[in-house]
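Enquirer: This is the structure I have questions about; it appears just below.
The numbers here are math on the coordinates, done by the rules we state, and not lab data. The model shown is predicted, which means the values in this text are computed figures rather than measured ones. Cβ placement follows ideal geometry from the backbone for every residue including glycine, while neighbour counts extend to all protein chains displayed.
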2 protein chains.
Amino acid sequence: MASRASSTGRATLEDLARLTGVSAITVSRAFRHPEKVSEDLRRRIQQAADDMGYVRNRAASALASNRSMNIAVLVPSLSNLVFVETVTGIEKVFREHGYQMLMGVNHYSAEEEEALVRAYLAFAPDGMLLTGFNHRDSTRRLLEQAGIPIVHMMELSEREGAYSVGFSQEAAAQTMTEHLLSRGRQRIAFVASQLDPRTLARNRGYRDAIIKAGLYESHRELLVPDQSSVALGAVLLKRLLEQAPDTDAVFFCNDDLAQGALFECLRQGIAVPDRLAVAGFNDLAISECTVPSLTTIKTPRYEVGVEAARMLLALIEGDPVPRKMIDLGFQLRAREST
Amino acid sequence: MASRASSTGRATLEDLARLTGVSAITVSRAFRHPEKVSEDLRRRIQQAADDMGYVRNRAASALASNRSMNIAVLVPSLSNLVFVETVTGIEKVFREHGYQMLMGVNHYSAEEEEALVRAYLAFAPDGMLLTGFNHRDSTRRLLEQAGIPIVHMMELSEREGAYSVGFSQEAAAQTMTEHLLSRGRQRIAFVASQLDPRTLARNRGYRDAIIKAGLYESHRELLVPDQSSVALGAVLLKRLLEQAPDTDAVFFCNDDLAQGALFECLRQGIAVPDRLAVAGFNDLAISECTVPSLTTIKTPRYEVGVEAARMLLALIEGDPVPRKMIDLGFQLRAREST
DNA sequence: ATAAAAAATGACAGCGCTATCATTGCCAGT
DNA sequence: ACTGGCAATGATAGCGCTGTCATTTTTTAT
């Protein structure tokens, strides 16, 4: 049947061509380079397309043009609003340029990441955005063989050839620790969970600052591998105060934990910040509303998304990329909890 | 050049075939139907694939087989953990069956939804999962013309031909209102933002119950179109107490608003639940940790994802689908705040 | 040993689209 | 009138893979 509407029932370019009495290639042009097709014809084609509900098949398009217009984005989690914002920034940039973003969540696991890289490489993406630098060797090899540009987000690296957009987790943690010191705290604890590379970097920043101040005491560090949550924050605060009851400030590696701690203080009647100062990391929207409001580090996560996307876009399109590493900094938000 | 590694530099089936000395179709089979290829050959092909970093091109595969193994999922938002959980459930089911999930966020806008439907239809998905029933006519037409199965999530509909998995938003809201009544509250307010169809359904449920109790007073309803957030919850509580100061219970349309209200009460020294009972909707993880802990409705969002995915899968694969509508119910979580 | 069945492999065409290189018609400039 | 240039459209081939239908080889049954 030469006149069947293709094997799937979906309308094809060929169908549109037949309907408007031109060749398929002309219809293709009407969509991709409208200026190359006469006004009148373009309108007729558009009309026919609307009538038939024609939607171009990207698979065929990608195959023929050798450009998928896909970009893959891998983030560790979405149950943390941090990455939702990053992804929002990425999407915005790519959508404006006609690219489709494919997003995957690797749950902080390098193994899952590899599976995802493989899965998304199958979409022949024109580029890829990864979170951090913690990849398996085999993943790295896959990416090299794919030969597409990669930009890393959130962490920075001087490693040759690597493109990255983020900020210094260490410096941020150092700044927060210094803030607590400047508030006269002497027995500052550090509590973290979900020990991904960024969390560990924050831990190093804390240590650097606290050692420099000559106030390091190992029993004030509490690191657990569990997934972060508000509930866990309460648990960890309790545990910390058992092993180090005289602690006068706690720096949590993220706002979720800090919030849980704030609730626990409320429950136990621990005065914040008088008896105990509490600090978080990320500055989630809620941290401004808590009682007391939470001192934290505002991280430029939306901006990281936007800038990383722009950098990747430049790499894909062959535009000049001035810097391989973009440090977007961070801001201390000193609030009531300290 | 017959021996080039394809135009993109990526390894192709052909390359693998050449390397192992068999035909391309056999290599394809080694991946898709390993049992149809001899043990030895399969291993050699696998080895070669690993060496070259071969990843199959889904675009080509989809085109040739007329099955993309993609499914598209559209949710209104991710900045709300509710949908993150739903999507997690969906992903799990589809991944187990070899499908790739493509996710889009429509920001509660039917217009954005249409753009996304179009964008994802271009991936020739084998099925689609949508949130709610609030679509444009033109979107509906597009979907019909695409001829793929669709399952709607979160809301239920008896509409002929529509498949849906969710729970009754109205009944849930009614249950919560009755719970507040059962606690002896007489001046129960309803506060909502982001007036999507589900929010409005909750409003109806509240009204039904409160009218039945003969306690309806229009000035205790506060509905605003703004996006939900914890901060907004605090603002709306203040506003409500200005226009209806003697309110003795507030039912918020979601937990975020309720949390903000809880904080505001803390700030203003309003005793919860003694002076004012506060209730939310969804039962986010954090709602158990707040002080006081929040009474809310536990919604089966993860399960909705799982069941909707299963239903869609059955529709795609032509398996029997016993019910077109699956009501997963909800649970009242009565806690300290009421 | 022989026929029949099963397992393993291959040839070929084509999915829907676009890159590339024609071809046609028309108009400006001389 | 004639050349050159441009705008509008078309013909052809092929992207990488798989469905379908052979063909060859091996195994099993008699």
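Enquirer: Name the residues whose placed amide hydrogens come within less than 5 Å of the amide hydrogen of residue A:106, ignoring near sequence neighbours (fewer than 5 apart) on the same chain.
Expert: Result for residue A:106 returns A:75, A:77.
Enquirer: Choose one answer from A:142, A:180, A:312: the residue with the largest mean-square fluctuation in a GNM of chain A with alpha-carbon springs under 10 Å.
Expert: Its mean-square fluctuation being the largest, the pick is A:142.
Enquirer: If you take the charge dipole of chain B about its Cα centre, with +1 on Lys and Arg Cβ and -1 on Asp and Glu Cβ, which of B:54, B:87, B:234 is farthest toward its positive end?
Expert: So the residue we want is B:54.
Enquirer: Starting from the 7 Å offset along Cα-to-Cβ, what nm value, one decimal, do you get for the label separation of residue A:119 and residue A:275?
Expert: According to this spin-label approximation, the distance is 4.7 nm.
Enquirer: For segment A:107-115, what does the Karplus curve 6.51 cos²θ - 1.76 cosθ + 1.60, with θ = phi - 60°, yield as ³J(HN,Hα) per residue in whole Hz, taken in order and with x for Gly and Pro?
Expert: These are the phi-based 3J(HN,Hα) values: 6, 6, 10, 5, 6, 4, 4, 4, 4 Hz.
Enquirer: To make sure I understand the rule: partners must be lysines, Cα under 30 Å from the Cα of residue A:324, and not fewer than 8 residues away in the same chain. Which ones qualify?
Expert: Excluding near neighbours in sequence, the set is A:92, A:298.
Enquirer: Find how many whole Å separate the alpha carbon centroid of segment A:143-216 from the alpha carbon centroid of segment A:288-338.
Expert: 14 Å
Enquirer: Between 0 and 90 degrees, rounded to the nearest ten: what's the tilt of helix B:230-243 against the longest Cα principal axis of chain B?
Expert: Taking Cα atoms only, the helix is inclined about 30 degrees.
Enquirer: Right, something else. Looking at the axis that maps chain B onto chain A, which chain B residue has the closest Cβ, and how far off is it in Å, rounded to a whole number?
Expert: B:59, 2
Enquirer: Here's a follow-up. Give me A:255, B:137 sorted ascending by neighbouring Cβ count inside 10 Å, so fewest comes first.
Expert: B:137, A:255
Enquirer: Between residue B:242 and residue A:323, how high is the FRET efficiency from 1/(1 + (r/R0)^6) when r is the Cβ-Cβ distance and R₀ = 45 Å? Nearest 0.05.
Expert: 0.30
Enquirer: While we're looking at this one, here's another question. Quick one: what are the phi-derived ³J(HN,Hα) couplings along segment B:200-212, Karplus 6.51/-1.76/1.60 with θ = phi - 60°, whole Hz, x for glycine and proline?
Expert: Rounded to whole hertz, the list is 5, 5, 5, 4, 4, x, 4, 4, 3, 5, 6, 5, 4.
Enquirer: How long is the protein assembly as shown along each principal axis, judged by its Cα atoms, biggest number first, in Å?
Expert: Computed over the protein assembly as shown, the largest-to-smallest principal extents equal 76, 68, 53 Å.
Enquirer: Turning to a different aspect of this structure: Using only Cα atoms and rounding to the nearest 10 degrees, what angle (0 to 90) does helix A:301-317 make with the longest principal axis of chain A?
Expert: Tilt relative to chain A: about 40 degrees.
Enquirer: Please identify, among B:88, B:26, B:296, the residue showing maximal mean-square fluctuation in a Gaussian network model of chain B using a 10 angstrom Cα cutoff.
Expert: Most flexible of the set in this elastic network: B:26.
Enquirer: Taking the Cα centre of chain B as origin, work out the dipole magnitude from +1 charges on Lys and Arg Cβ and -1 charges on Asp and Glu Cβ, in debye rounded to 20.
Expert: With Lys and Arg at +1 and Asp and Glu at -1, about 620 debye.
Enquirer: With the crude spin-label approximation of a point 7 Å out along Cα→Cβ, what separation in nm comes out for residue B:138 versus residue B:92?
Expert: Label at residue B:138, label at residue B:92, 3.9 nm between them.
Enquirer: While we're here: For chain A, set up a GNM with springs between Cα atoms under 10 Å and report which of A:292, A:225, A:149 has the largest fluctuation.
Expert: Largest GNM mean-square fluctuation: A:225.
Enquirer: Counting other Cβ atoms within 10 Å, keep those with at most 12, restrict to DSSP loop, and tell me which trypsin sites (Lys or Arg not before Pro) in segment A:105-182 are left.
Expert: Hits after loop and neighbour filter: A:159.
Enquirer: Separate question: For a paramagnetic label modelled at 7 Å from the Cα of residue B:187 toward its Cβ, which residues of segment B:210-228 fall within the zone defined by backbone nitrogen distances under 11 Å?
Expert: B:220
Enquirer: Could you give the angle, 0 to 90 degrees to the nearest 10, between helix B:169-182's Cα long axis and the longest principal axis of the Cα atoms of chain B?
Expert: 30 degrees
Enquirer: Follow-up question, since we're still on this one. Which percent, nearest 5, of DSSP beta bridges in chain A are antiparallel?
Expert: Of those bridges, close to 10 percent are antiparallel.
Enquirer: Taking a label point 7 Å out from Cα toward Cβ, give me the nm distances from residue B:96 to the same spot in the other copies, shortest first, one decimal.
Expert: Ordered by increasing distance: 4.2 nm.
Enquirer: For a protection proxy built on the mean count of beta-carbon atoms within 10 angstrom, sort B:226-234, B:96-104 highest first, please.
Expert: B:226-234, B:96-104
Enquirer: I'd like the FRET efficiency for residue B:38 and residue B:227, computed as 1/(1 + (r/R0)^6) with the beta carbon distance as r and R0 of 41 Å, rounded to 0.05.
Expert: 0.10
Enquirer: Follow-up question, since we're still on this one. Quick one: if the Förster radius is 30 Å, what FRET efficiency do residue B:331 and residue B:195 give, using the C-beta to C-beta distance and rounding to 0.05?
Expert: 0.75
Enquirer: Taking a point 7 Å out from Cα toward Cβ as the label site, list the nm distances between residue B:246 and the same residue in every other copy, smallest first.
Expert: The answer, with the shortest distance listed first, is 5.7 nm.
Enquirer: Quick one: what Rg and Dmax do you get for segment B:13-56 from the alpha carbons, in Å?
Expert: Rg and Dmax of segment B:13-56, Cα atoms, are 8.9, 23 Å.
Enquirer: Fewest Cβ neighbours within 10 Å first, please rank B:105, A:235, B:250 accordingly.
Expert: Fewest-to-most Cβ neighbours within 10 Å comes out as A:235, B:105, B:250.
Enquirer: Quick query: amide H of residue A:193 versus all other amide H atoms, modeled in the peptide plane; which residues come in under 5 Å with a sequence gap of 5 or more or a different chain?
Expert: A:224, A:253
Enquirer: For residue A:50, place a label point 7 Å out from Cα along the Cα→Cβ vector, do the same in each other copy, and report the separations in nm, one decimal, smallest first.
Expert: 5.6
Enquirer: May I pose another question? List the residues, sorted by chain then number, that are 5 or more residues from residue A:221 or on another chain and whose placed amide H is less than 5 Å from its amide H.
Expert: Placed amide hydrogens put A:190 under 5 Å from residue A:221.
Enquirer: Right, here's the next one. Using the Karplus curve 6.51 cos²θ - 1.76 cosθ + 1.60 with θ = phi - 60°, work out ³J(HN,Hα) for each residue of segment A:27-35 in order, rounded to whole Hz, and write x for Gly and Pro.
Expert: Each residue of segment A:27-35 in turn: 5, 4, 4, 4, 8, 8, 9, x, 5 Hz.
Enquirer: Based only on other Cβ atoms within 10 Å, what is the fewest-to-most ordering of A:33, A:135?
Expert: A:33, A:135
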